[in-house]
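Have a look at the structure below, then the notes.
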Amino acid sequence: LGFLSAQAQAQAYPTRSITMIVPFAAGGPTDVIARIVTGHMAQTLGQSIIVENVVGAGGTTATTRASKAANDGYTLITGHMGTHAASVPLYPKLAYHPEKDFEPVGLLAGTPILILARKDFPPKDLKEFITYVKANESKVNAAHAGVGSVSNVSCELLNSIMGVKPIGVPFNGTGPAMNALVGGQVDYMCDQIVNAVPQVNGGTIKAYAVATAERNPSLPNVPTTTEAGLPAFQAQAWNAIFAPKGTPPDVVAKLNGAVVKALDDEGVRKRLLDLGSVIPAAADRTPAALGTLVKNEIAKWTPVLKAVN
Ligand code: MLT
């Protein structure tokens, strides 16, 4: 009977509003992507999806909370390359495991990494930036969203390639970090493109390079790291929805269907593409594909982060 009633519940799902935990501050890349996609998912599912920003410890506070939430499909999390991969080697006492404690639901977007600086930071291009940061290592600072966040991890990689250890300035997300960069209170940052396109186009910050093989259509004048002279720095993050382990397969399938529908919607696609996101191809949108991505990303980042820490 218990099984039947669980199945009946899964079929009726969702009968009330869903909470989407975002592990960083409002207005940052994860928040923006989560809101764009869940706005459409709510229409498909016929229930509202309430975004709750739970900040702290590079996103691991919220992810711990999501891992312990009821596995009934009413509490989900939009995690990313940091919370669901880089956190594993960086937090030896991590209270969750991205693979063991979550059901992958669906990949939302790929997010190329940009090397950004405050508008009046002296270097004009990436080559000058490298020379300048090396010469001023003890004075220069880099903003990030906490240990294990994408901005932290990708700049750790950049800094190790440049052979520098600048001062890190942690924020609760790159939304507030971006405000500090625009305000000139911090020097540079490695951030996901969705957080940077409006500022770069508005001239309120500088972008030295995008760390992907191709230039991004949303910022056609920003060179790739290869073009700008630092081919070793390649980095693209991703954001994805996860449910607590044991969430019924029918519920995960319904949620995944709503993700896929959102990613096929012209309005959603335009908003994501205008911000420089990479929309996942059909084969990359399944729960199984996300599970494989998480496994591969943990394997990829573990040696890199152990080497630089
Ligand atoms: C955010 O939404 O603030 C970011 O995803 C933070 C980060 O991981 O750099």
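The values are calculated or read from the model by the stated rules, or taken from the named source; none is laboratory data. Bear in mind the structure is a predicted one, so any value in this text is a computation, not a measurement. Cβ sites come from the backbone with ideal geometry, for glycine too, and all protein chains shown count toward neighbours. For accessibility, only protein heavy atoms count, side chains too; no ligands or nucleic acids. Shrake-Rupley method; radii C 1.70, N 1.55, O 1.52, S 1.80 Å.
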Length-normalised contact order for the range 172-309 - Cα pairs under 8 Å, 6+ apart - percent: 20
Loop trypsin sites (Lys or Arg not before Pro), the range 23-101, which have at most 11 other Cβ atoms in a 10 Å radius of their Cβ (DSSP): Lys93, Lys100
Compute the distance in nm between two label points, each set 7 Å from the Cα along the Cα-to-Cβ direction, one at Ile50 and one at Ala213. 4.4
Given the range 118-242, what percent of its DSSP beta bridges are antiparallel, to the nearest 5? 10
3J(HN,Hα) from dihedral phi, the range 104-110, Karplus parametrisation 6.51/-1.76/1.60, rounded to Hz, x for glycine, proline: x, 9, x, 6, 9, 6, x
Normalised by the number of residues in the chain, what is the relative contact order in percent for Cα pairs under 8 Å and 6+ residues apart? 28
What is the distance in Å between the Cα centres of the range 117-145 and the range 182-230? 13
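How many times 2.2 N^0.38 Å is the alpha carbon radius of gyration of the range 1-155? Let's see the in-between values first.
Values: Rg = 19.4 Å, N = 155, 2.2 N^0.38 = 15.0 Å.
Compared with the compact-globule rule of thumb, the range 1-155 sits at 1.30.
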Would you kindly state how much longer the chain becomes between Lys100 and Lys119 on full extension, computed as 0.36 nm times their sequence separation minus their alpha carbon distance, in nm to one decimal? 2.5 nm
Share of Cα-Cα pairs in the chain beyond 33 Å, whole percent, is 22
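With all protein chains present, how much of the accessible area of the chain (probe radius 1.4 Å) comes from carbon and sulfur, to the nearest whole percent?
56
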Residues whose placed amide H lies under 5 Å from that of Gly173, excluding near-sequence neighbours: Ala25
Any helix of the chain counts here only if DSSP assigns it H throughout, its Cα atoms span 30 Å or more along the axis, and its mean Kyte-Doolittle hydropathy is at least -1.0, and such helices are 287-308
Keeping every protein chain present and rolling a 1.4 Å probe, give me the accessible area per residue for the chain in Å². 40
